1. Hey, got the Cα dimensions of the chain along the principal axes, in Å, largest first?
2. So what is the calculated 222 nm ellipticity per residue for the chain, using -39500 (n - 2.57) for each DSSP H run with n of 4 or more, over all residues, to the nearest 500 deg cm²/dmol?
3. May I ask you to derive the relative contact order of the chain, considering only C-alpha pairs under 8 Å and at least 6 residues apart, and to give it as an integer percent?
4. From the backbone phi of the range 39-48, what are the Karplus-calculated ³J(HN,Hα) couplings (6.51 cos²θ - 1.76 cosθ + 1.60, θ = phi - 60°) in whole Hz, Gly and Pro given as x?
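Taken together, the values in this text are just the output of simple stated rules run on the coordinates, not laboratory data. Predicted, not measured: the structure shown is a model, and the values here were computed from it.
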Amino acid sequence: MFEDKMLVCRDCGQEFVFTVGEQEFFAARGFQNEPGRCKECRAARKALYGNGAKREMFDAVCAQCGKEAKIPFKPRLGKPVYCSECFSNRDQE
């Protein structure tokens with residue numbers, strides 16, 4: 001029913017093979033569209049936008065103990081920020 005297909009990657013413009021196995025996988029999951037990117041470009045996009053993407057960390061000073069802390073969000077003026085130790089202790093209070 002399926003045959004290997006040559007497709008062109010929308011990011012790098014290189015041809016890649018959409019294999020019979022990949023087509024069966026897509027069909028089994030109900031996917032309607034063929035892949036638009038080659039494996040390398042899909043992996044690069046995945047690394048950039050998620051699934052393993054490194055989170056940007058911001059420097060802050062703990063409002064409770066005064067130690068330097070790295071936090072995964074940009075601190076806002078007037079909002080206290082806590083290091084992980086002080087934050088954990090606050091949950092137990």
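1. Sorted from largest, the Cα extents of the chain read 65, 29, 18 Å.
2. Numbers: 3 runs with 29 residues, N = 93.
My calculation for the chain gives -9000 deg cm²/dmol from helical runs alone.
3. 17 percent
4. Ordered by residue, 3J(HN,Hα) equals 4, 5, 5, 5, 5, 5, 5, 4, 5, 6 Hz.
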